[in-house]
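**Q** I'd like to ask some things about the structure below.
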Amino acid sequence: MLYEISLKYNTLKMYENTLEQMRKNGVAKEESILKIENERNEVEKELVELLNPSCKTINLNGYRNDPKIDVENEFIKEANKRGEYKQMYDIRNDFFENITKPSKNDSPIKYRDESKDELKKAEYKKPTFADVQEKISNSQWISCSNFIVRFPKDEIDIDSWRVSGFYYKLKQNSKCLSNRSGCERGEISVIVNDFAEKREDGTYNILSKIIEKLYKYKIIVLGDIFVDVINNSGELLYTLCFTKCIFNGANPDAFSYESTDLRKFYLDFTYDNVHVLAPDEKLSINETAD
């Protein structure tokens, strides 16, 4: 039956296209047009009978006169009703705005005169689902992998690209000087891929040797650690500045024949304060002193 419906429908469309082209081309022979219209009418009635043989037929286009055609076709009415429901319950619409409120004259409920309602003066447009989706698509999201860690090179000679991750713990006390005993400090842990390289001057730069020196002088304030947060195109979004960092320890991955993963060191630091800087913002003298 589906095949027959498809065949009838395609035949009907063919007749419609043929008539449209004939009218555009200015065909003057009424007999030719009338013949095609009659054939189209027959196919149309057969299609409606296939859709619902127990229902009355309907003039689908509304401009042909046929005594057998009735506008009360139940199938068409149900189809139109489903279309209205689909539009009403569309997730992109506000459902409550589609409900018609009863007339004030016909309903026993007394409605407030909204034209004089003071609350109506401040207009508020409730966001629809489409509006929310648009905001999500156009928002500047930050990916966990979009960051660059910068150490003070004089104390810690580790290039930014060797850092594979970091995390930090915020402290409750926002003002804490490094020389104040017992003062709460924040914590930051930086994950660095293990490396050993020979510099151009012939000396060696080895991560384990850097850590060895840090253990010897861990009471010394190393300086500030900067983390640049960027987007996918490399544009700077903001910078995290951890001030007056002190080395607190290192935890290396184990060597194992059972693994081919990169060996890493977890470098732990404490810091006095963390400042969030906009791309055009520098650390002030007061913030540096804190």
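The values are calculated or read from the model by the stated rules, or taken from the named source; none is laboratory data. Please read these numbers as outputs of a predicted model, since none were measured by experiment. Backbone-built Cβ (ideal geometry, glycine too); neighbour counts: all protein chains shown.
**Q** Quick check, is LYS125 at pLDDT 55 or above, assigned to a loop (DSSP other than H, G, I, E, B) and touching a Gly at 6+ places or on another chain (Cβ under 8 Å)? Show your work before the answer.
**A** Numbers: at pLDDT 55 or above: yes; assigned to a loop (DSSP other than H, G, I, E, B): yes; touching a Gly at 6+ places or on another chain (Cβ under 8 Å): no.
So LYS125 does not fit the description; no.
**Q** Which one of GLY186, GLY223, GLY202 is small (Gly, Ala, Ser), surrounded by 11 or more Cβ atoms within 10 Å (Cβ to Cβ) and on the phi > 0 side of the Ramachandran plot?
**A** Exactly one residue qualifies, and that residue is GLY223.
**Q** Using beta carbons and a limit of 9 Å, which pairs, at least six apart or on different chains, have the first residue in the range 194-205 and in contact (Cβ under 8 Å) with a residue 24 or more places away in the chain and the second one aromatic (Phe, Trp, Tyr)?
**A** ASP194/PHE265; ASN205/PHE195
**Q** Answer yes or no as to whether LYS264 is surrounded by 11 or more Cβ atoms within 10 Å (Cβ to Cβ) and either within 36 Å of the chain's Cα centre (by Cα) or in contact (Cβ under 8 Å) with a residue 24 or more places away in the chain (or both).
**A** Working: surrounded by 11 or more Cβ atoms within 10 Å (Cβ to Cβ): yes; either within 36 Å of the chain's Cα centre (by Cα) or in contact (Cβ under 8 Å) with a residue 24 or more places away in the chain (or both): yes.
In short, yes.
**Q** Same structure, new question: Is one or more of the residues making up the range 238-247 in contact with a Ser or Thr (Cβ under 9 Å, 6 or more places away or on another chain) and on the phi > 0 side of the Ramachandran plot?
**A** Yes: the range 238-247 contains one or more residues that are in contact with a Ser or Thr (Cβ under 9 Å, 6 or more places away or on another chain) and on the phi > 0 side of the Ramachandran plot.
**Q** On the given criteria, is LEU214 surrounded by 13 or more Cβ atoms within 10 Å (Cβ to Cβ), more than 20 Å from ASP159 (Cα to Cα) and in contact (Cβ under 8 Å) with a residue 40 or more places away in the chain? I'd like the intermediate steps shown before the answer.
**A** Numbers: surrounded by 13 or more Cβ atoms within 10 Å (Cβ to Cβ): yes; more than 20 Å from ASP159 (Cα to Cα): no; in contact (Cβ under 8 Å) with a residue 40 or more places away in the chain: yes.
In short, no.
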